[in-house]
Amino acid sequence: SHETLAGRTAVITGAASGMGAATALLLAARGARVALLARRADRLEEVAAKVTAEGGEALVVAADVTDQASVDAAAERVHTAYGEVDLVVNAAGVMLPNPVAEGRTDEWQRMLDTNVSGALRIIRAFTPDLVAAASAGRTADLVNISSIGAHIAFPNYAVYGATKAALSYLSASLRTELGPRDVRVTNIEPGLTDTELGSHIDNAELSGELDGMFDAMGSLSGDDIADLVAYTTSRPRHVNLRQLIVLPTRQA
Ligand code: NDP
């Protein structure tokens, strides 16, 4: 049987699809209340409907993590509805590969603003909650979804990899500030996972190359990542499973 997450209040970014949606569904099934953040309200409503159909509790909060005012408004809505949050999952992200020599500053900016600054905006909005929950003796978790791309260089994925290396570094640094205050920081670095992430690639050749990787080595599912988030966040509060690399078995 699984450890319960009853009594926990979670904020999950990127909850409209992929890993974030799967994580929201699983944390809710284990008893957590879940606030669902992403830009597409219609998709968040679908996730929320599934949560409530299974007897769980979900709050839809349409928000853009690249926009400070949007994050401020989202945090206010979460706090008004749920009060203090004790579990934060940063899963919002975009991956837009192209050769650096193409100079796609629009893509670079979107990735930096979503994957790095977006995560920081969420961390800023909810870290006081995590610290307060921990100091009151409750379990408090920050989970960042980074990538194996933080460690391994792939041609054409330089900027994406740099944003993920930054996020992994942030997780390690934050641990030095938050660990002594009993807030756990877990950094998850997945390999190839079957989600909508690759659907925004505008370079047909690179899109085809990614499809080829899925065909050659298979992939994880959003549910596989959700399973790890539910596992780490339900350990006893003095146990921090802090760094997880998870790849499909066939990924070299
Ligand atoms: P998806 O594209 O399915 O999910 C990404 C989510 O982020 C969507 O729900 C999207 O919703 C949300 N999002 C994107 N931009 C913003 C924004 N500006 N504000 C708020 N939400 C935003 O892909 P994954 O589930 O794969 O991605 C989850 C995380 O996993 C990402 O950080 C990704 O980098 C990482 N990852 C993915 C891997 C893979 O192979 N799939 C491997 C390693 C890491 P909306 O568009 O509605 O805003």
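Read-outs throughout are calculated quantities, based only on the coordinates presented, and are distinct from any laboratory measurement. Since this is a predicted model, take the numbers as computed values, not measurements. Glycine also receives a Cβ, built like all others from the backbone with ideal geometry; neighbour counts cover every protein chain displayed.
For first residues located in segment 110-125 and closer than 14 Å to residue 85 by Cβ and in contact (Cβ under 8 Å) with a residue 12 or more places away in the chain, partners that are within 8 Å of the ligand (Cβ to nearest atom) and of a type outside the set (Gly, Ala, Ser) and lie 6+ apart or on another chain with Cβ distances below 6 Å form the pairs 122/13; 122/90. Of all residues in segment 67-93, those satisfying the criterion of being surrounded by fewer than 19 Cβ atoms within 10 Å (Cβ to Cβ) and within 15 Å of the ligand (Cβ to nearest atom) are 67, 68, 69, 70, 72, 73, 77.
So that you can scan it fast, the table gives a plain yes or no per residue for (1) surrounded by 14 or more Cβ atoms within 10 Å (Cβ to Cβ); (2) closer than 23 Å to residue 121 by Cα; (3) of a type outside the set (D, E, K, R):
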| residue | (1), (2), (3) |
| --- | --- |
| 168 | yes, yes, yes |
| 175 | yes, yes, no |
| 189 | yes, yes, no |
| 192 | yes, no, yes |
| 211 | no, no, no |
| 214 | yes, no, yes |
| 219 | yes, no, yes |
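Among residues of segment 192-210 that are in contact (Cβ under 8 Å) with a residue 12 or more places away in the chain and aliphatic (A, V, I, L, M), none has a Cβ under 9 angstrom from a residue that is near the ligand (Cβ under 7 Å from one of its atoms) and part of a strand (DSSP E or B) at a sequence gap of 6+ or on a separate chain.
Taking the criterion of being touching a helix residue (DSSP H, G or I) at 6+ places or on another chain (Cβ under 8 Å) and either buried (at least 23 other Cβ atoms within 10 Å of the Cβ) or outside any loop (DSSP other than H, G, I, E, B) (or both), the residues of segment 30-42 that qualify are 33, 34, 35, 36, 37, 38. Screening residue 137 against (1) within 12 Å of the chain's Cα centre (by Cα); (2) at positive phi leaves a single unmet condition, (1).
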